[in-house]
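Where a number appears in this text, it was derived from the coordinates with a stated rule and is not lab data. Note that the structure is a prediction, hence the values are computed from the model and not measured. Here the Cβ positions follow ideal geometry from the backbone for every residue, glycine too, while neighbour counts run over all protein chains shown.
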């Protein structure tokens with residue numbers, strides 16, 4: 001059942017991922033995160049034009065069971081957000097690494113990428129149930 | 001997770017849960033499934049449209065026997081136990097001398113001198129501590145904790161009775177709602193109460209521990225979906241049923257908890273009678289009520305409820321109801337603000353969302 005963590009992504013301890021390309025990054029939450037939350041019913045994410053900061057709260061994701069804060073893995077300005085996801089939050093459960101992406105950010109400090117884990121390190125981070 | 005020292009109890013169905021890929025969580029000292037891979041929403045849907053089942057073997061099952069059993073239970077339970085005919089059951093409250101709710105429970109009258117009391121897992125110790133010295137003093141009654149002798153599987157949903165009939169050679173439908181009887185499943189006989197905690201028809205089947213897995217597997221083979229504590233919480237809240245420890249505690253009395261219809265104060269020697277009469281005559285400032293959130297947000301346990309700038313209530317339970325596609329909950333409200341139609345606002349993590357008091361239950365099954 002455990003879905004593979006894609007090798008081309010960077011990961012945070014708080015279970016967000018970033019797909020960096022050029023000066024921007026698409027951000028989402030991992031399979032591990034959606035699986036821990038269970039059925040997701042609401043997603044609250046920042047609008048286009050707002051700024052997010054690395055490891056700071058940027059929104060909330062709420063499942064039947066519980067509500068969790070979302071933390072941005074990187075700093076920057078939001079240039080796109082997944083409007084479809086707001087209408088169909090269950091996409092986060094079905095495709096956390098694909099159609100369940102949250103926002104696209106124009107990075108203000110690409111060096112922050114070094115603060116994130118690669119897939120192998122993230123595998124180890126989640127192996128003991130964190 | 002770091003707290004490694006607590007030993008959690010496991011039910012006889014633990015291996016079956018692991019095999020099904022259940023997510024297990026600590027609950028009242030037990031390691032219990034909170035959900036299975038299909039997820040809480042699919043589990044709730046199975047209970048509402050087909051049949052789902054819950055392992056509720058963690059609940060306390062106290063067997064109360066002896067020539068004094070029924071009169072003893074009359075002194076500690078809010079039900080008219082003497083008036084329950086053998087083979088029937090009643091939901092009621094176990095209150096202390098001050099009228100505080102120690103637990104809510106179901107008493108099944110098995111025979112003239114034998115009752116089965118089903119209590120919440122987390123309250124079993126408190127119930128026993130309350131009852132044992134009083135039983136000893138009264139005499140003629142013995143209380144045996146049989147919780148580990150039997151599993152308990154709640155099979156619930158519109159197809160539950162038909163499914164139990166198929167595995168028990170028609171034994172299920174011979175037991176009418178709120179009755180308890182014996183059925184034969186997989187070569188073993190066991191008690192089955194036609195009761196539950198979901199708002200649906202169904203049974204709570206009590207196989208001996210040794211055959212529990214066999215019964216569970218028979219039900220799986222019949223297409224019954226295993227459901228966890230998450231779905232159980234959604235189902236009971238949709239049905240307007242309260243959860244002790246969440247919606248009421250020993251600090252609450254049955255009148256403010258809206259449970260006065262489960263009180264019978266005239267059993268000889270009923271310990272809580274005087275306090276309860278006093279509370280009834282004085283009236284209570286607040287009362288439990290249901291609400292619907294009018295925006296997309298879940299109001300959860302402990303969130304404060306406002307009318308303008310005044311706090312007029314507190315949420316005790318809240319969830320997203322997949323059956324109604326609505327955000328629902330219950331809580332305690334000052335009586336002036338507890339009537340259906342009253343508009344209020346709830347502080348959801350710093351954001352005020354609007355809500356409306358509605359009558360309970362949120363969901364009631366269609367009855368034939």
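List of remarks:
- Distance between modelled label sites at residue B:222 and residue A:95, nm, 7 Å Cα→Cβ extension: 3.9 nm
- Mean separation of Cα contacts under 8 Å, 6 or more apart, over the residue count of the stretch A:10-127: relative contact order %: 32 percent
- Fully extended contour minus Cα-Cα distance, from residue B:343 to residue B:277, at 0.36 nm per residue: 20.5 nm
- Taking every DSSP helix (H) stretch of at least 4 residues in chain B, weighting each as -39,500 (n - 2.57) and dividing the sum by the residue count yields a mean residue ellipticity at 222 nm of -6000 deg cm²/dmol.
- Chain B shape via C-alpha gyration tensor axes, a/c threshold 1.5: oblate
- Distance between the 7 Å Cα→Cβ label points at residue A:4 and residue B:19: 3.1 nm.
- Model label points for residue B:125 and residue B:10, set 7 angstrom from Cα along the Cα-to-Cβ axis, are 2.2 nm apart.
- For the stretch B:314-368 versus the stretch A:18-79, the gap between their alpha-carbon centres in whole angstrom: 29 Å
- Euclidean distance between Cα centres, the stretch B:166-243 to the stretch B:37-110, Å: 14 Å
- Within chain A, helix-based [θ] at 222 nm, where runs of 4 or more DSSP H residues each add -39,500 (n - 2.57), nearest 500: -4500 deg cm²/dmol
- For the protein assembly as shown: rounded, prolate or oblate by the Cα gyration tensor [a/c cutoff 1.5]: prolate
- For the stretch A:100-127 and the stretch B:111-156, distance of Cα centres in Å: 54 Å
- When you restrict to C-alpha pairs under 8 Å that are six or more residues apart and normalise by the size of chain B, the relative contact order lands at 17 percent.
- If you sort the three axes of the alpha carbon gyration tensor as a ≥ b ≥ c, you get a/c of 1.5 or more for the stretch B:38-100 and a/b above b/c, which makes it prolate.
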